[in-house]
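Here's the structure, in structure tokens; my notes come after.
The values are calculated or read from the model by the stated rules, or taken from the named source; none is laboratory data. Only a predicted model underlies this, so the values are computations on that prediction, with no experimental measurement involved. Cβ sites come from the backbone with ideal geometry, for glycine too, and all protein chains shown count toward neighbours. Only protein heavy atoms, including side chains, enter the accessible area calculation; ligands, DNA and RNA are left aside. Shrake-Rupley method; radii C 1.70, N 1.55, O 1.52, S 1.80 Å.
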Amino acid sequence: GDVNMRFFEVPCSGSLLHTDILLPDQEALGFIEGTHYAGYNNMEEMVDKAKYYLQNPAKREVVEKAGQELVQSKHTYEDRVRRMLIELGRAKTGVR
């Protein structure tokens, strides 16, 4: 029920991320369903989306590439560490 490392590692590898779209942070992180990943709301939709992307490799590759570009441009470990240091600095100084 949360955005975990899988959410970044799968697209980074150039693979299609197929996951539920009930996670609140996805859009805030720049992930758009159908553009950067294949999302579903329930088990029936999960199966339908899997079949769709297996039967449409060209469309799957477009989503895979967009997901990979997003992760490699905005969600690197360097970006994460930089953000942590900023937040730690704010916590230390009490600045919000």
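Sub-6 Å Cβ pairs linking a first residue in the stretch 64-93 that is in contact (Cβ under 8 Å) with a residue 12 or more places away in the chain to a second residue that is of a type in the set (Val, Ile, Thr), at least 6 apart or interchain, are Ala66/Thr35, ordered by first then second residue.
Filtering Ala28, Ala58 for residues that are small (Gly, Ala, Ser) and within 15 Å of Asp2 (Cα to Cα) leaves a single hit, Ala28. When we screen Glu33, Glu64, Glu44, Glu69 for residues that are acidic (Asp, Glu) and open to solvent by less than 40 Å² (accessible area, probe 1.4 Å), the only hit is Glu64. In the stretch 6-15, which residue that is within 10 Å of the chain's Cα centre (by Cα) and open to solvent by less than 80 Å² (accessible area, probe 1.4 Å) is nearest to His75 (Cα to Cα)? For the stretch 6-15, the residue satisfying everything is Phe8.
Scanning the stretch 19-39 for residues being of a type outside the set (A, V, I, L, M, F, W, C) and in contact with a Leu (Cβ under 9 Å, 6 or more places away or on another chain) gives a total of 5.
For the stretch 16-30, a residue qualifies if it is surrounded by 13 or more Cβ atoms within 10 Å (Cβ to Cβ), at pLDDT 85 or above and farther than 19 Å from Asp48 by Cβ, and the qualifying residues are Gln26, Leu29, Gly30.
Here Leu54, Leu85 are screened, and the one residue that is open to solvent by 60 Å² or more (accessible area, probe 1.4 Å), more than 22 Å from Leu16 (Cβ to Cβ) and of a type in the set (A, V, I, L, M) is Leu85. Answer yes if at least one residue in the stretch 20-35 is part of a helix (DSSP H, G or I), under 19 Å from Gln68 (Cα atoms) and β-branched (Val, Ile, Thr), and no otherwise. No, that holds for no residue.
Candidates in the stretch 36-52 are the residues that are in a strand (DSSP E or B) and free of Cβ contacts under 8 Å to residues at least 24 places away in the same chain; of these, the one that is farthest from Val63 (Cα to Cα) is Tyr40.
Can we say Val3 is within 10 Å of the chain's Cα centre (by Cα) and at pLDDT 95 or above? Judged against the criteria, Val3 is not a match.
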